[in-house]
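One structure is given below, encoded as structure tokens.
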Amino acid sequence: HKDTDLKGHERLLVVDDDVLQFNVIDELLSPMGYHLFYAESPEKAIAMCQQYSYDLVILDMVLNSELDGVDVFFQLRKFKPTLKAIIISGFSGSQRVKTGLKGGIGAFVRKPLTLEKIVTAIRTELNRVNSNGEF
């Protein structure tokens, strides 16, 4: 990959109950040109997605909530049917992650995050053409 292939300008919403994790992602992606926004809870993520438009959502699998990252994705898809997302977890692909991937989440990125791992997953998903022919 040339670095320029991984740069972007898109609006990304990070859903993670740990602000330090958001800061790590922000430090990796902001220099690449992405605009990052933060939701610390599923409720906040749902409210933000109802009010604003994001190109992709980065979901932490384990949230300090009854809902996990996959649940949040399915909630968001109810009113944003073409929403793109990737999921992040410290654990390797659990059954829940597989459920999310089958349900439309574009990629699973395992912690610890590296710039290459997360940006490659984001770009692949953003560049993927939806089945209805729209970008």
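Data overview
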{"quantity": "All positions within segment 23-39 that are hydrophobic (A, V, I, L, M, F, W, C) and either farther than 18 Å from PRO112 by Cα or open to solvent by less than 50 Å² (accessible area, probe 1.4 Å) (or both)", "calculated": "ILE25, LEU28, LEU29, MET32, LEU36, PHE37, ALA39"}
{"quantity": "Matching residues, segment 90-119, being outside any loop (DSSP other than H, G, I, E, B) and open to solvent by 40 Å² or more (accessible area, probe 1.4 Å)", "calculated": "GLN95, ARG96, LYS98, THR99, LEU101, LYS102, PHE108, ARG110, LEU115, GLU116, LYS117"}
{"quantity": "Selection count where residues are in contact with a helix residue (DSSP H, G or I) (Cβ under 7 Å, 6 or more places away or on another chain) and either crowded, with 23+ Cβ neighbours inside 10 Å or part of a loop (DSSP other than H, G, I, E, B) (or both), scope segment 50-68", "calculated": "9"}
{"quantity": "Of the criteria (1) outside any loop (DSSP other than H, G, I, E, B); (2) closer than 24 Å to HIS9 by Cα, which one LYS78 fails", "calculated": "(2)"}
{"quantity": "Residue in segment 32-43 that is on the phi > 0 side of the Ramachandran plot and in contact (Cβ under 8 Å) with a residue 12 or more places away in the chain present", "calculated": "yes"}
{"quantity": "Lone qualifier among PHE73, PHE37, PHE22 - being touching a helix residue (DSSP H, G or I) at 6+ places or on another chain (Cβ under 8 Å), aromatic (Phe, Trp, Tyr) and assigned to a helix (DSSP H, G or I)", "calculated": "PHE73"}
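The values are calculated or read from the model by the stated rules, or taken from the named source; none is laboratory data. The structure displayed is predicted, hence computed values, not measured ones. Neighbour counts are summed over all protein chains in view; Cβ atoms, including those assigned to glycine, are modelled from backbone coordinates with ideal geometry. Please note that ligands, DNA and RNA were not included when accessible areas were found on the heavy atoms of the full protein model with its side chains. Shrake-Rupley method; radii C 1.70, N 1.55, O 1.52, S 1.80 Å.
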